[in-house]
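**Student:** Got a structure for you, questions after.
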Amino acid sequence: MLSIGRALIGLGVSGGLMGAIKAFTLWFPLSRLALLNGLYLAAGGIGGLSATAPAEALLGPLGWRGLFYVLSALSVGAAL
């Protein structure tokens, strides 16, 4: 199950990454492509790093299952 979950995460991230790269190639000159790709990946990394402190703060009072329930509800709310 963990491998399937990891594969689904990779599939979602690859769709977002390829969409951004395609947009960059259409909207910007090729000389800027490396810079834009690097900034896009840096923004994703910063997002991942900034999510760890709030998750750690909620982990104590909610436990890991409660934290996942809250994150699931937020994901469903964002999708709607």
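The values are calculated or read from the model by the stated rules, or taken from the named source; none is laboratory data. If you're wondering where the values come from, they're calculated on a predicted model, not measured in any experiment. A quick note on method: Cβ atoms are made from the backbone with ideal geometry, for glycine too, and the neighbour counts reach across all protein chains shown. Surface accessibility is based on the protein's heavy atoms, side chains included, excluding ligands, DNA and RNA. Shrake-Rupley method; radii C 1.70, N 1.55, O 1.52, S 1.80 Å.
**Student:** Among the residues of segment 11-42, write down those that are surrounded by 11 or more Cβ atoms within 10 Å (Cβ to Cβ) and within 12 Å of the chain's Cα centre (by Cα).
**Tutor:** V13, G16, L17, Y40, L41
**Student:** Take the residues of segment 43-80 that are over 27 Å from A23 (Cα atoms) and hydroxyl-bearing (S, T, Y): which is farthest from the chain's Cα centre (by Cα)?
**Tutor:** Filtering first and then ranking leaves Y69.
**Student:** If the Cβ limit is 8 Å and pairs must be 6+ apart or interchain, which residue in segment 7-19 that is of a type in the set (A, V, I, L, M, F, W, C) pairs with which residue that is open to solvent by 60 Å² or more (accessible area, probe 1.4 Å)?
**Tutor:** Correct list of pairs: L17/Y40.
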